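Asker: Next up is a structure, given as structure tokens.
Every read-out reported here was derived from the displayed coordinates using simple, explicitly stated rules and does not represent laboratory data. Computed from a prediction, not measured in an experiment: that's the story for all the values here. With ideal geometry, Cβ positions are generated from the backbone for all residues, glycine too; neighbour counts draw on all protein chains shown.
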Amino acid sequence: MKITRLHIESLKCFAALRLPLGSLTLLTGFNAAGKSTAVQSLLLLTQAMRDGGLERVVPLNGNLVQLGSPGEALHEGGGKELTVGVESENEKVDWVLSADDRSYGHALTVARIDCSWHVDSSLATAVLEGPSLANLKHLLPAETSGDLVKLRETVAEALFISAVRDGASDTYPTPQTPNLIHADVGVHGEYAAWWFERCADDPVLPERVNSSDTVNTLRRQVNAWLGQIFPGAQANAARIARTQMVQLEFRNRETDNWRRPANIGYGLTYAFPIIVAGLLAKKGQVIVVDSPEAHLHPLGQSQMGLFLATLAASGVQVIVETHSDHVLNGVRLAVKNTILSHDEARIHFFNPRPKDASDPAHVISPQLDPQGNVSNWPSGFFDQAEKDLAALAGWL
């Protein structure tokens, strides 16, 4: 089930924000302007659902997010409650979290859950005091709870790949989580090699098959996409006997010897987990990627944008935090070439939090047309190259 909007109230820099999401959403803008906070609102829910199902306590620090103390998470002057929520086309769920109970330390408690859904063109609502959405089917009529539970499952199964990835290890671990989320390569990409070896012969959805290789196995398609981002590159993985570890190797062309990740460069190892997770992800699954451009040449960054757009067109919901105009342009080219519909792409540009009415809006959302053209270019939106060139030419 696609998440169409994030809802935030009183979280860090945001007093209130409703952020539309598409099949592919790019979060761009200035440093420390709120891009990560927007992503953290979703990941906070994902983390809580995985750890305990949002029964009563929501930990602020875990594998996916580290928000510190309640005082650090709450918006300045916003009281002792914050709201994080998600919407789909017909459903909405908001978790209202409270810092009133000091006995929980670096965690918040669930004050209530506000739900709404459409039934026969009319809006129905419910306010649940304290219980988990996991138990929603026992608290609401069966005909209304199903889609809300699906929305919860979409959040719980979201994947996150951070900007800091394991780039130079000789071996990679096997996940030990009892309830493993499908295609979860780990926050740092540490399980990508295991998934690659385990699912090497599994089929990839036809919509994700790279045109350079019609064989649809995971191994062949990972190498096809790697070869498009890094011309000629290939990956190989093998279990290490009598251990829980996997060995990963790369080479720059088919005639080269296989090399350890430490001897091949960070670009390949940083792109590898994104490609593996994207090709394995189920339709309807959400992938959040921070800085997919990290350690990539401009060509690779543009091709990464194309890859992410291809995933979005194939049924994976992709949320990207990026500072790369090349990733943006890769997405724009995918739209122009009809790989991804322009109305399935969302772009949000984050300015510093406004201090007064004369400052630009905190979040500006340029649109893409069917030719990949951007509707408007606010100051600071991937325009630094033009500004620098103008200064060098003496125009400024």
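Asker: For V93, are the conditions met, namely being in contact (Cβ under 8 Å) with a residue 40 or more places away in the chain and in contact with a strand residue (DSSP E or B) (Cβ under 6 Å, 6 or more places away or on another chain)?
Answerer: Yes, satisfied.
So that you can scan it fast, the table gives a plain yes or no per residue for (1) over 30 Å from A233 (Cα atoms); (2) under 19 Å from the mean Cα position of the chain (by Cα):
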position: M304; (1), (2): no, yes
position: E321; (1), (2): no, yes
position: N337; (1), (2): no, no
position: D356; (1), (2): yes, no
position: P378; (1), (2): yes, no
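Asker: I'd like to check which strands (runs of 3 or more DSSP E) are fully inside region 226-340 and have at least 2 residues that are more than 25 Å from S41 (Cα to Cα).
Answerer: In region 226-340, the matching strands (runs of 3 or more DSSP E) lie at 234-239, 245-251.
Asker: May I pose another question? Residues being buried (at least 17 other Cβ atoms within 10 Å of the Cβ) and touching a residue at least 60 places away in the same chain (Cβ under 8 Å): count how many of those fall in region 53-74.
Answerer: Qualifying residue count for the region: 4.
Asker: Filter region 162-180 for residues that are among the aliphatic types (A, V, I, L, M) and exposed (fewer than 15 other Cβ atoms within 10 Å of the Cβ); which is farthest from Q40 (Cα to Cα)?
Answerer: A168
Asker: Okay, next question. Out of the residues in region 1-36 that are buried (at least 20 other Cβ atoms within 10 Å of the Cβ) and polar (S, T, N, Q), which is farthest from L311 (Cα to Cα)?
Answerer: The qualifying residue farthest from L311 (Cα to Cα) is S10.
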